[in-house]
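Notes for the one structure printed next.
The values are calculated or read from the model by the stated rules, or taken from the named source; none is laboratory data. Note that the structure is a prediction, hence the values are computed from the model and not measured. All Cβ positions, even for glycine, are placed from backbone atoms using ideal geometry, and neighbour counts span all protein chains on display. To get the accessible areas, we keep the full protein, side chains included, count just its heavy atoms, and leave off ligands, DNA and RNA. Shrake-Rupley method; radii C 1.70, N 1.55, O 1.52, S 1.80 Å.
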Amino acid sequence: MHQHFRRDEHPFVERVLEWTSRVSDRYEVIRTDFLDPRQAFILQALAGRGAGVYFASCGGYEGAERVRGILHPEYMEPEREEFGLKLLEVKGSNEFLSLEHRDYLGSLLGLGIKREKFGDILVHKDSAQLIVAEEIAEYVRLHMTQVHRIHVTVESRPLDEVIVPRQSFRPLSFTVQSPRLDAVIGDVYRLSRAKVIAPIQNGRAKVNWREVNDPSFRLEEGDVVSFKGLGRFKVTEIGGETKKGRIKMEVAVFD
């Protein structure tokens, strides 16, 4: 089973196998915290291998990146309210300073909230919407009073009032000697390898939402890479070799 997943994913795989066993053997219903897309994929794949184990997910809107999952027996079908999602709207007092995704993320983490307790952060021109676990919604509403030096107010909203910003990206094609993390990041952001290696080793790079400190880490199709301060991209295709022995790469760089 473990051979289908990367070594750093094995602890999560073990946890999922324990969950599926409880559902299969004891007919338990298990609700997860928020999962990133890779974790949701692993859960979906492993749930399908368990007899009588089913997996449903919801992130508050269709196409949500981060979702809460429910592992359940065949006899039940989870309703949306069972996923325990709440929508909060954040508005600032200063209309002349635009806040970014990282500002809201930093504010939530600064409250001592673990990343798995909130989902997508939807940033708009003069506000943001946060999808959070119901068990922390009231805490966030009461204690999130500032985002990047801007005083804010937080109000609860019905989940049906989610407004999804348009996601845009630009395709990029290039060749590399090897699909190493440092080589691909260097080409995507036009940085020398020397300027990429140290930041990776210092924890500024993530692959599939997990910190990767090894510059030689080999990327695969479907991997989502983020590089702190510059953005993120998705590896859409790793092609064959050119006549000079280089490997063709195609990525989608998110705006």
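A 1.4 Å probe over all protein chains sorts Arg180, Arg102 by accessible area into Arg102, Arg180, starting with the largest.
How much of the accessible area of the chain, in percent, comes from carbon and sulfur atoms when a 1.4 Å probe is used? Whole-percent figure for carbon plus sulfur exposure: 47.
Backbone phi angles across the range 133-142, fed through the Karplus curve with coefficients 6.51, -1.76 and 1.60 (θ = phi - 60°), yield HN-Hα couplings of 5, 4, 6, 10, 4, 5, 4, 5, 4, 7 Hz in residue order; Gly and Pro are listed as x. In this structure, Arg193 and Arg49 have a Cβ-Cβ separation that, at R0 = 41 Å, corresponds to a calculated FRET efficiency of about 0.50.
What residue among Phe233, Phe83, Phe217 has the largest mean-square fluctuation in a Gaussian network model of the chain, using Cα springs under 10 Å? In this elastic network of the chain, the residue with the biggest mean-square fluctuation among Phe233, Phe83, Phe217 is Phe217. The chymotrypsin sites (Phe, Trp or Tyr not before Pro) of the range 90-127 that DSSP puts in a loop, and whose beta carbon has at most 11 other beta carbons within 10 Å, are Phe96.
Computed with a 1.4 Å probe over protein heavy atoms only, the accessible area of Ser226 comes to about 40 Å².
Only lysines eight or more places from Lys117 in sequence, or on another chain, were considered; those with a Cα closer than 20 Å are Lys86, Lys206. Rounded to the nearest 0.05, the FRET efficiency derived from the C-beta distance between Tyr27 and Glu220 at R0 = 41 Å is 0.65. Considering Cα pairs under 8 angstrom that are at least six residues apart, work out the relative contact order of the chain and quote it in whole percent. Once normalised by length, the contact order is 14 percent. Solvent exposure of the range 58-113, expressed per residue, is 55 Å² of accessible area, with all protein chains present and a 1.4 angstrom probe.
For the chain, modelled as a GNM whose springs connect Cα atoms under 10 angstrom apart, the maximal fluctuation among Asp33, Asp25, Asp182 occurs at Asp25. Ordered from largest to smallest accessible area (heavy atoms of protein chains, 1.4 Å probe), the residues Asp120, Asp126 come out as Asp126, Asp120. Restriction of the GluC sites (Glu not before Pro) in the range 198-255 to DSSP coil positions whose beta-carbon has at most 12 other beta-carbons within 10 angstrom yields Glu220. Using only the C-alpha atoms, the convex hull of the chain corresponds to 147 Å³ per residue. The helix-based estimate of mean residue ellipticity at 222 nm for the chain, built from -39,500 (n - 2.57) per DSSP H run of four or more residues and divided by its residue count, is -8000 deg cm²/dmol to the nearest 500.
For the cross-link pairs Lys91/Lys228; Lys114/Lys234; Lys91/Lys125, the ones whose C-alpha atoms lie over 20 Å apart are Lys91/Lys228; Lys114/Lys234.
Surface listing: Thr20, Thr242 arranged by accessible area from highest to lowest gives Thr242, Thr20, probe 1.4 Å.
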